[in-house]
1. With a/c under 1.5 counting as rounded, go ahead and sort segment A:191-337 into rounded, prolate or oblate using the C-alpha gyration tensor (a ≥ b ≥ c being the square roots of the eigenvalues; past the cut-off, prolate if a/b is larger than b/c, else oblate).
2. I want to verify a result. In a Gaussian network model of chain B, Cα cutoff 10 Å, which of these has the top mean-square fluctuation: B:46, B:15, B:86?
3. For the interface of A with B, what's the total buried accessible surface in square angstrom, probe 1.4 angstrom, rounded to the nearest hundred?
4. When ligands, DNA and RNA are left out and all protein chains stay put, how many square angstrom of accessible area per residue does segment A:3-236 have with a 1.4 Å probe?
5. Specify the angular offset, from 0 to 90 degrees and rounded to the nearest 10, of the alpha carbon long axis of helix B:125-142 from the longest principal axis of the alpha carbons in chain B.
6. Just need the relative contact order of chain A here, percent rounded to a whole number, with Cα pairs under 8 Å and 6+ apart.
7. How do B:176-186, A:211-221 rank on mean C-beta neighbours within 10 Å, highest first?
8. Just report the Cα centroid separation between segment B:143-157 and segment B:109-142, whole Å.
Amino acid sequence: MKGKHSAGFFALIGAIMVMPLLVTNDYYLGVLTFTAFNCLTCVGLCLLMGYAGQISIGHGAFVAIGAYTTGILTTKLAWSPWLAMLCGVVLVLVIAFCVGIPALRLKGHYLAMATLGFASIVHVVAVAAVDLTGGPAGIVGIPRLNLFGYVLNSDKQYFYFAWSAVAAGVYIALNLIYSRVGRGLQALHGSEDAAASLGINITAYKVQIFMLSAVFASVSGSLYACYVNYIDPGPFDVMHSVLLITMVAVGGLHSIWGALTGAVVLSLLPEILSFLSDYLQVVGIQYQPDYDTLVYGGILLIIMLFLPEGIFSGISSVLSRVRLLFGKTAKGTDHAG
Amino acid sequence: MPDNSILRLNRLRRTFGGVVAVSDLTLDVCRGTVTSLIGPNGAGKTTIFNLITGYLHPTAGEIIFNGRSLMGLKPHRIAAAGIGRTFQNVQIFPQMSVLENIMAGRHLRSRAGFFYSSILPPVLRGEEKKIQESAEKQLHFLGLAPKAHVPAGSLPLGSQRMLEIARALAIEPKLLLLDEPASGLNSRETIAMGELIQKIKAMQITVLLVEHDMELVMDISDAVAVINFGSLIANGSPAEIQANEDVIAAYLGE
């Protein structure tokens, strides 16, 4: 890991450790835990989209497969949640391989459409395969994860656990970016022809990064299922996949930190909006939760128009401009002195 | 077939629909030479490059490199066999730094896979260090060292072409295919490019060159092959080619 990234990584660890001391309300701690699941998926998705340049509007499906594998194996067969999570990962690897080989031959919009189709197939299966998935009623009674014999009962424990998974994901992603493999992925993003001329097996690399990013999504789904103890097809519709790529795009495609920023901002947005709606009510405006979509759309539009590189690099460039400004002032003072 | 042939195109043919782009072309490239492929626009030169490097597959004929057939191999396998190339429209990796571009060129000379790269990078520290050192050496060779950490996309065109060649050299090819390396360069840059190609030849790397700048071609080539409408119309030393009437006719039109 390079200098600035290890600083960022330790800042992330620090923030994770301190957060439950600041946020003592279990509800908000729960919201932050849900945020962690999105962050994990988005880190994987960022490797695929931002670094390897392959778009997927189907990652919600991998989250769903992870969640449902955990749900089915733990409730119907009473397997350990850990074993179920592992099975989810293996299943997702196989599915991502089978979907990836034909889909990744496509480029741009075509790849987007193919993965979108995959997402809607998985959602339909979750709704319709009633015997397996419980259909619209879902699966209840999924057990909590246990860690060395300890069941993670409290919200605080699960918060730490989920965010440790995010930290591990970030660690893996940052290592990968600055490696032979990461350079290969960025190379095929830059030019597939040129990458192949250097001996990079572009087909294999595309399928492998698709599989790796699907594993991030699957683990995130398993962690989600074990946290809420109940799953139904609702959260796994196609819009969830769209929301995931929105998170990555809003934060900034070209950086893991950007993807994290986007995931955090959009995951917390409903809470922020409901918080604001209380104030709006005081001044006489009736805010309906239905307006959320409107606000999401507006934010996405504004960011794409004014910060096309995403919030994260937008903020970084503003910060460096501010630094430049202050640097100049400091120099000016020197001259005056 | 000459003994010292590194690359042999044997009755190579490629059609696009009804259009014959390369027509029964037979050509030998001799080891250790700079061989140029010239001809009017649309003569099929870039198609020949794409056939040799596996981006296109021949309709008929055969390509033999170092005594081994390249038929049916994908581009990355042909790179592994020892053929490097550049592209007519420069294809560097714009988001990556200049150094990282060349480090990407060390792909074939290193082995790290997904597992160790993502989970146990300390295991790979030695290999990474070697990759970086050889890439830095390559940058010094091309005089791009001061720009090592600049995004490659921000370099001027001349430097981008140099970088693309440096990246192709990083795979340590036995044969290097350069597709119009001097196009878009000013006269000073063109001279530097000629010197670079001579240096590459001195490194025992055979160069196959497609180029429109005749002064450059005649200056640095050991052999020149002239292509028109996908067929070889002349083949010989620069002096022979300059005196050939068919070539003059093809270039000036009859």
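1. Working: a/c = 2.43, a/b = 1.07, b/c = 2.28.
In terms of gyration-tensor shape, oblate.
2. Among B:46, B:15, B:86, the largest GNM mean-square fluctuation belongs to B:15.
3. Details: alone 16910 and 12730 Å², together 26980 Å².
The A and B chains share an interface burying roughly 2700 Å².
4. On the way: 8990 Å² over 234 residues.
The answer is 38 Å² per residue.
5. Value to nearest ten degrees: 50.
6. Computed over chain A, the figure is 30 percent.
7. On the way: B:176-186: 20.8, A:211-221: 27.3.
For the peptides B:176-186, A:211-221, the packing ranking is A:211-221, B:176-186.
8. 20
The values are calculated or read from the model by the stated rules, or taken from the named source; none is laboratory data. On a predicted model such as this, the values are computed, not experimentally measured, just so you know. So basically every Cβ, Gly included, is an ideal-geometry build from the backbone, and we count neighbours across all protein chains shown. Ligands, DNA and RNA are stripped out before the accessible areas are found, and what is left, the full protein with its side chains, is counted by its heavy atoms. Shrake-Rupley method; radii C 1.70, N 1.55, O 1.52, S 1.80 Å.
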